[in-house]
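One structure is given below, encoded as structure tokens.
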Amino acid sequence: MNYADSARIKSVLENLGFEYTKGIDSADIIIFDTCSVRQKSEDKIFGKLKQISPDKKVWLTGCMVQHDLLGLSKIDSQLIKAYKRGNFAPVAKDMYPLIVWINPQQEKEDFWSNPRDVVYINASFQPLWDKLKTKFSNVELLFRIDDLPYLPLMLQKLWYNVTYSPEVVDEYTSLLPGDSNQLLDVRLPVAYIPIQTGCSQFCAYCIVPFSRWLEKNRAVEDVVREAKHYLDQWYKEIMLLGQIVNKHPDFVKIIREILKLQGLKWLRYTSPYPTFYSEELLKLHEQEQKLVPHIHAPVQSWSTKVLKKMFRWYSAEQYREFVDKIRALKRDISITTDIIVGFTDETEEDFLQTLELTKYARFDMIYIGIYSVRPGTIAARKYQDNVPEEEKKRRWQVLNDLLQDISFQNNQNEVGKIYDVLVKTVWDSNAVGYNGQMKTIIFPLAQNSIKVGDFVKVKITKPDALKLWGEIV
Ligand code: SF4
């Protein structure tokens, strides 16, 4: 999601005449598009800020900026009201938006005679702003990613000399990035397209509904237009994004429409929720070769007791049935998942159930998270974080060891198969890429002309844990 958001930020700024540079040393302004899903991600930002020379300006956006608004309830209910109006669509549509600039001295002034007009509020009242300003005087701007269409106006308020021709859109996702969908050094022909932002599911441990707020779905035509825009260039793979991507009311329609587009090689999506899978969607995985044979469906725990506590609305049995349905399809679908270990009240017995069912599902990959409390979540307010850290780490290790074993066993069945592989890295005489199932494949380069972003055919010669070895055919 952050790749997709960053591409939009880059486009808006380039349209204003700013120039993108890769290295921090050559930049005048450094923008952090932050994540707050784990405490670690937030700590990282503070670590990075320390490394930045004070003569460079710093802007922050993304989830970390937004979830700190939770602290606002103690500050001013009117501010919250103004801020919580999402991206202020009703106002933006019919009038030129007013931006209120508040610096700490002005905070007390009355800006609120007509809060309907307030489109952007500089975050100087935020707890995060205070935290940052005392330590880093070069932090200049915090902005919500939803307010990206108003970034030019914010910059004018910050006395940047930019000419702004207002492109008034309701949703920042309606700003279409140009030909660059990613800011990575390694440019792959993979386009990330958000079809939905926010989440209304409120899993007990999760910060997303507070940082990105409630679910908003994009119109089918918008998504398809964006996909076509990329496929008309050099992109080959489309990755649809959403917190519960398959909860989009027209998800199957979007898939069907994108599958019709010229130039598409692979279509993926992340992350789905097991109980929002329709029979039709599963069938498409069997029938449509361009819809990749890979389903990443987070289970989080395989104890019904823990799932209930997490507010995940399915039982261990239901997830097992879901796995059975995928295995019954006439196509070799790779299943991967997310599991949290050490959630509140998770006993050894619960953990053993997770291990048992992991063996049953034979996951090719598990993103294992050690549970950490995120302030503001339901779990933080209602539960005790009562599994000792040492025990959490032990469970992580046990599950990870099991994953390695299962992955190695699964991969033994891959020997002799031939896959299309997208090359991600090339070094010396070797290359690393991934196939439609998202399995990592390493192979020696037969020809020097092969480069990052190419598709090549590779025959699997040797299995390994979490990777495969092969040769170009
Ligand atoms: S489905 Fe649950 S875990 Fe996923 S983003 Fe929504 S609240 Fe968070």
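Every read-out reported here was derived from the displayed coordinates using simple, explicitly stated rules and does not represent laboratory data. On a predicted model such as this, the values are computed, not experimentally measured, just so you know. Here the Cβ is made from the backbone with ideal geometry for all residues, glycine too, and neighbour counts use every protein chain on show.
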Screening 241, 231 for residues that are out of contact with any helix residue (DSSP H, G or I) (no Cβ under 8 Å at 6 or more places or on another chain), buried (at least 18 other Cβ atoms within 10 Å of the Cβ) and under 20 Å from residue 7 (Cα atoms) leaves only 231
Output the number of residues of segment 290-344 satisfying the condition of being away from the ligand (no atom under 12 Å from the Cβ), more than 29 Å from residue 237 (Cβ to Cβ) and among the aliphatic types (A, V, I, L, M). 3
Conditions (1) buried (at least 20 other Cβ atoms within 10 Å of the Cβ); (2) more than 16 Å from the ligand (Cβ to nearest atom); (3) among the hydroxyl-bearing types (Ser, Thr, Tyr) -> residue 211 fails only (2)
Candidates 385, 405, 350, filtered to the one that is acidic (Asp, Glu), on the phi < 0 side of the Ramachandran plot and outside any helix (DSSP H, G or I): 385
Condition set more than 8 Å from the ligand (Cβ to nearest atom) and surrounded by fewer than 23 Cβ atoms within 10 Å (Cβ to Cβ), scope segment 197-208, selection farthest from residue 246 (Cα to Cα): answer is 204
Is at least one residue of segment 324-336 buried (at least 18 other Cβ atoms within 10 Å of the Cβ), over 25 Å from the mean Cα position of the chain (by Cα) and of a type in the set (Gly, Ala, Ser)? no
The number of residues in segment 257-274 that are away from the ligand (no atom under 12 Å from the Cβ), in contact with a helix residue (DSSP H, G or I) (Cβ under 8 Å, 6 or more places away or on another chain) and within 22 Å of residue 322 (Cα to Cα) is 2
